[in-house]
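**Q** Sharing a structure with you now.
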Amino acid sequence: MRTAVRGARGQSATASATEPAIVFDRVGVTYGRGRGAGAALVDFNLRVARGETVALLGPSGSGKSTALKALAGFVRPSAGAVRLDGRDVTDLPPAKRGIGVVVQSYALFPHMRVAENVAFGLRAHRVPRAQIAGRVSDALAMVGMSAYGTRLPGELSGGQQQRVAIARALAIRPKVLLLDEPLAALDAQLRRSMITELQQLRAALPDTAMLYVTHDQSEALALADRIAVMRDARLVDVDTTENLWKRPPSSFTAEFLGGANLLPCTVTRVIGTSALVTVGGVPVTAYAPQPVVARTDWESQAGVLLCLRPHAVTLTSPGERGALPARIVASVWRGASTRVTITLPGLPQTPIDVDVAGHDERPVGTEVGIRFPERGAVLVPGPGAVS
Ligand code: ADP
Ligand code: MG
């Protein structure tokens, strides 16, 4: 039942229009019982709006799939609730939730033809028989698989099988689409082209809320409006992709999203968003994100780190004006760029990675200069900071 509520500006709206498409409300999941029990999800809160894509990003075992399964109804939360469009679905069986789910392993029935695989979900959702053929062909067309309806899954490539799995999820016209590492089983080249296809699919489904589970930061950056970073069964940070990348709220997110040099530093002075810090005994200026909460009062905080992206650092000749003296300790050519690792005399134990365009042939041991980017070095709370 939809209840009319009054919005903040006085217009009436339905509860389902004002509630986010997906709500995780303090969800906890524990596997097993007694001494063997393990918490896979702890106090997990997340909201996804209609039409929004949120990536759940985190290392293997951090609880991403568990969160997705709690929403889809494949595991029962031990605490909290999950809501879809404002409706508590915590106790609803999976098929009654109207969610499309795509998993890494495709999970197609090997003995059923492609079209039958797609139709299967429609029958499970009790779609009237007369509509099934049309829905199947619409869904296959969306993923460019119209010509393959009579093939068996074993006669398709991995990428094609995953397209069929996506078509099967889309056929029920879900308001919520969950994807659990859908590209993880594909090779690197195919993965890149599938990211482009998923972007197109995203654009074709402007009202669908998507939760995209991945351990691959490039997929998260390419597809998500916001990223929720997970670690050890908990949500660490959640924000827009751009904010998380430019102003990582934690050292974990800084490293996991994009890779970062995290250098110990001492904050001398902060004026507005400009910080004067000392790194390895050398003064440099850095970007200090505005305090969102008290913990980002940079000057009084211990263990503040300077986050420096490898691509943002410039290597110069030694002694160049404004450059800090450094020495090359390792160098790996990667084709389009070279990852050069340097150390500063005042920070010999902290190697700093620098990405140099092209093939940098300076040998290990070479004295160089490094220049930090103007405002490209950003302060990050230390690992001990409490949020
Ligand atoms: P992710 O998807 O981030 O790799 P998972 O949600 O699959 O992580 O797993 C989170 C934790 O829960 C891991 O420690 C994993 O070993 C454990 N786990 C997952 N599924 C089960 C299960 N069915 N029974 C017991 N433990 C599980
Ligand atoms: Mg998983």
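The values are calculated or read from the model by the stated rules, or taken from the named source; none is laboratory data. None of the values given here were measured: they were computed from a predicted structure. Don't worry about glycine lacking a Cβ; one is built from the backbone with ideal geometry, like all the others, and counts go over all protein chains shown. Remember, those area values only see protein heavy atoms, side chains included, never the ligands or the DNA or RNA. Shrake-Rupley method; radii C 1.70, N 1.55, O 1.52, S 1.80 Å.
**Q** Just to confirm, what accessible area per residue do you get for the range 129-201 at 1.4 Å probe, in whole Å²?
**A** In whole numbers, the range 129-201 has 46 Å² accessible per residue.
**Q** Here's a follow-up. Which of the peptides 77-87, 176-186 is most tightly packed, and how do the rest follow, going by the mean number of other Cβ atoms within 10 Å of each residue?
**A** Put in order of decreasing packing, that is 176-186, 77-87.
**Q** Let me ask something else about it. Which shape class, rounded, prolate or oblate, goes with the chain when its Cα gyration tensor gives a ≥ b ≥ c as root eigenvalues, a/c under 1.5 marks rounded, and past that a/b bigger than b/c marks prolate?
**A** Since a/c reaches 1.5 and a/b is larger than b/c, the shape of the chain is classed as prolate.
**Q** Relative to a virtual label point 7 Å from the Cα of Arg327 in the Cα→beta-carbon direction, which members of the range 348-373 show backbone nitrogen distances below 16 Å?
**A** 348-352, 363-370
**Q** Which residue, chosen from Ala357, Leu308, Gly369, occupies the Cα position most advanced towards the positive end of the dipole of the range 307-379, where the dipole is computed from +1 (Lys, Arg) and -1 (Asp, Glu) charges on Cβ about the Cα centre?
**A** Toward the positive end, the furthest listed residue is Leu308.
**Q** Is it possible to state the helix-based mean residue ellipticity at 222 nm for the chain, with each DSSP H run of 4+ residues giving -39500 (n - 2.57), the sum divided by total residues, to the nearest 500 deg cm²/dmol? What is it?
**A** Computed ellipticity for the chain at 222 nm equals -6500 deg cm²/dmol.
**Q** If you don't mind, another one. Could you give the dipole magnitude of the range 262-380 about its Cα centre, charging the beta-carbon of Lys and Arg +1 and that of Asp and Glu -1, in debye to the nearest 20?
**A** 80 debye
**Q** At a Förster radius of 56 Å, what calculated FRET efficiency corresponds to the Cβ-Cβ distance of His125 and Thr316, to the nearest 0.05?
**A** 0.35
**Q** Would you work out which of Gly51, Val82, Ala228 lies farthest towards the positive end of the dipole of the range 22-246, given +1 charges on the beta-carbon of Lys and Arg and -1 on that of Asp and Glu, about the Cα centre?
**A** Val82
**Q** Just going by the charge dipole of the range 195-350, with Lys and Arg at +1 and Asp and Glu at -1 on Cβ, which of Leu257, Leu211, Val270 is farthest out on the positive end?
**A** Val270
**Q** Now a separate question. Tell me the label-point distance for the pair Leu276, Arg33, using the 7 Å Cα-to-Cβ offset, in nm and rounded to one decimal.
**A** 6.5 nm
**Q** A further question on this structure: With charges set only on the Cβ (+1 for Lys and Arg, -1 for Asp and Glu), what does the dipole of the chain come to about its Cα centre, in debye to the nearest 20?
**A** In total the dipole reaches around 1340 debye.
**Q** Quote the charge dipole size of the range 112-270 about the Cα centre in Debye, to the nearest 20; the model charges only the Cβ of Lys and Arg (+1) and of Asp and Glu (-1).
**A** 520 debye
**Q** Still on this structure, please answer the following. Could you tell me the distance between the Cα centroids of the range 183-207 and the range 244-294, to the nearest Å?
**A** 33 Å
**Q** Keeping the other protein chains in place, figure out the carbon and sulfur percent of the accessible area of the range 22-246, with a 1.4 Å probe.
**A** The value for the range 22-246 is 49 percent carbon and sulfur by accessible area.
**Q** Does anyone have the angle between helix 114-124 and the longest principal axis of the chain? Alpha-carbon axes, 0 to 90°, nearest 10?
**A** Between helix and principal axis, roughly 70 degrees.
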